[in-house]
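Trainee: Here it is, the structure, as structure tokens.
Every number here is computed from the coordinates shown, using simple stated rules; none is lab data. Model, not experiment: these values are computed from the prediction. Cβ atoms come from the backbone with ideal geometry, glycine included; neighbour counts cover every protein chain shown.
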Amino acid sequence: MTYTGDVTVGGAPETRELAHLSITKVAVDEKMSNNAYLLRCTATGEQVLIDAADDAERLLELIGGGGLTAVVTTHQHWDHHRALAAVARATGAEIVAGAPDADAITEQTGVTVTRRVQHGDTVAVGGCSLEVIALAGHTPGSIALLHTDGDTGVPHLFTGDSLFPGGVGNTFGDADAFTQLVGEVEHKVFDRLPDQTWFYPGHGGDSTIGAERPHLAEWRERGW
């Protein structure tokens, strides 16, 4: 099956095979339709989950008997970590989050964030690596995760709720937070990454940097 990134709650997950990394995308919770991403190193079999958003049973079924090295929570909002406690208990995985959001995640879930990451840190997926890109604005500690495919050189970016097809994440009417977020996304993502970069958001379908780049000025002008 050709990967499209279009998944539905209750439907089948989609898997994309890169040179050294397998990406499985699944949607959970009818109301919020969150995306969760299971990444697997094809050489070692080690796995990392991005956003244990909901439906622990479904996520654990995806994880299977291969175990889980880490769960990365992209930001502190409740809809992105409702299954975190159950997944953590079942797998013993390291719990990773952006440092400014870590305390809030622990307060909301009862799960200790065992690794607080900053911009430029890396998270290993077996022999593969995810670079942490801090994107404050949607929340103070929101992070994206960047993997560059070893064969093609194409970047793959997991953006949480900081970047979607059609705009940056919600800043809830806070003009300063919007200015901060759109500035960080422009500087750290659009100024750095090529058009073929594929990105995977926290809700809905995927897109590429090239498809979104022409609209940056529009986003700034509309203010959300």
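Trainee: What strands (runs of 3 or more DSSP E) completely inside segment 13-66 contain at least 2 residues that are under 12 Å from the mean Cα position of the chain (by Cα)?
Mentor: Numbers: elements: 14-17, 21-28, 34-41, 47-50.
Of the strands (runs of 3 or more DSSP E) lying wholly inside segment 13-66, those with at least 2 residues that are under 12 Å from the mean Cα position of the chain (by Cα) span 21-28, 34-41, 47-50.
Yes/no matrix, rows are residues, columns are (1) among the aliphatic types (A, V, I, L, M); (2) without any contact (Cβ under 8 Å) to a residue 60 or more places away in the chain; (3) crowded, with 22+ Cβ neighbours inside 10 Å:
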| site | (1), (2), (3) |
| --- | --- |
| G10 | no, yes, no |
| E17 | no, yes, no |
| L59 | yes, yes, yes |
| L62 | yes, yes, no |
| G65 | no, yes, no |
| A93 | yes, yes, yes |
| P100 | no, yes, no |
| T112 | no, yes, no |
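Trainee: Ok, one more. Looking at (1) closer than 20 Å to A104 by Cα; (2) out of contact with any helix residue (DSSP H, G or I) (no Cβ under 9 Å at 6 or more places or on another chain); (3) in a loop (DSSP other than H, G, I, E, B), find the lone condition where A177 falls short.
Mentor: Condition (3) is where A177 drops out.
Trainee: Would you pick out the residues in segment 29-57 that are surrounded by fewer than 21 Cβ atoms within 10 Å (Cβ to Cβ), closer than 13 Å to L84 by Cα and hydrophobic (A, V, I, L, M, F, W, C)?
Mentor: Residue satisfying the conditions is A56 alone.
Trainee: Looking at (1) among the β-branched types (V, I, T); (2) touching a residue at least 40 places away in the same chain (Cβ under 8 Å); (3) over 19 Å from K25 (Cβ atoms), find the lone condition where V132 falls short.
Mentor: Every condition holds for V132 apart from (2).
Trainee: For residues in segment 170-208 being under 19 Å from D149 (Cβ atoms) and among the polar types (S, T, N, Q), which is surrounded by the most Cβ atoms within 10 Å (Cβ to Cβ)?
Mentor: T197
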